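No value in this document is a laboratory result; all are computed from the given coordinates. The structure displayed is predicted, hence computed values, not measured ones. Don't worry about glycine lacking a Cβ; one is built from the backbone with ideal geometry, like all the others, and counts go over all protein chains shown.
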Amino acid sequence: MDNTKDLVKQDNQNTPTAPPLIPPVDVTEDDSGITLLADLPGATRETLSIDVNGDTLTLEASLGLEQPQGLQPVYAEIRSARYRRSFTLSRELDSAHIDATLKDGVLSLRVPKLEQAKPRRIQVRAS
Amino acid sequence: MYPSLLRVPGDWFADFDELHRQMERLLGPPGQVSSIRAVQRGTFPAVNIGLTPDAVEIYAFAPGIDASSLDVSVDKGLLTIAGRREAKPREKGAKVNVYASERVHGEFRRVLSLPEDADPDKVEASYRNGIVHIHILKREASKPRRIAIKDSQ
């Protein structure tokens, strides 16, 4: 049982005892880029931030719940109101053209490959 | 080729994250008595429950679901949340590498026992931003009331 006042602790009340949630992801790669799907229930476009710093991609979001006044938590499996997860990108990925959409709490992120990194068939010349 | 020896291909820091998560899942708080319907941590969807003086509020964290496939029902004091999450179909013949597949797909079902004073006839459910919010009113008789003190004259 949790004695906190809020069902999930809001941002300004985050204590070191509530580390950010690590969202589960699916990562797949095809010839033209990498697709990442992340579960971020409660995240909205306003609270979601996707940052690329050097070769590190960081996803951050906060979990908004519509809580009525005077709500007493009795059971909580989600005990933090923040999400955070970072990934390292590699240099053939084009971090300037990342495309992201958020629908029903699922973030879908597409990181394309740089033009010169796309597959080419190498011709073998007869000598 | 790699910026440092600590960044090896395959990234074993990612494996550490996974190990940490598995430890958390397996080692709950020791010596605690758990509910007979207790589930392993990480069960989909995660659920938070709160009470207000006149309602029970249940939040199920189930992102990426078609609201029409959600089935919320109350029977004999048990609330059932069931549904299905479709995996994104993969194009045939496409050369695809899968690096991480942590998200849950397919059928899911969770059963929660409701407090005795929850009224099964007054249940509302909504789905927004990947959260199922179930609002169940308490029975009139169990709501807190102020007792008027009669004048004994």
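General observations
- Calculated FRET efficiency for the pair B:Ala148/A:Tyr75, C-beta based, R₀ 45 Å, to 0.05: 0.80
- Remark on A:Asp94: its backbone amide H falls under 5 Å from those of A:Lys113, A:Leu114, a criterion applied only to residues 5 or more positions apart or on other chains, H modelled at 1.01 Å from N.
- Vicinal HN-Hα couplings computed from phi for segment B:106-119 (Karplus, 6.51 cos²θ - 1.76 cosθ + 1.60; Hz; Gly/Pro x): x, 6, 9, 7, 10, 10, 10, 8, 8, x, 4, 8, 6, 9
- Most positive-pole-ward Cα, A:Leu71, A:Ile22, A:Thr88, against dipole of segment A:11-115 from beta carbon charges: A:Leu71
- Across the alpha-carbon atoms of segment A:11-115, the computed radius of gyration and Dmax are 15.8, 55 angstrom.
- Overall form of segment A:54-120 per C-alpha gyration tensor (a/c, 1.5; a/b vs b/c): prolate
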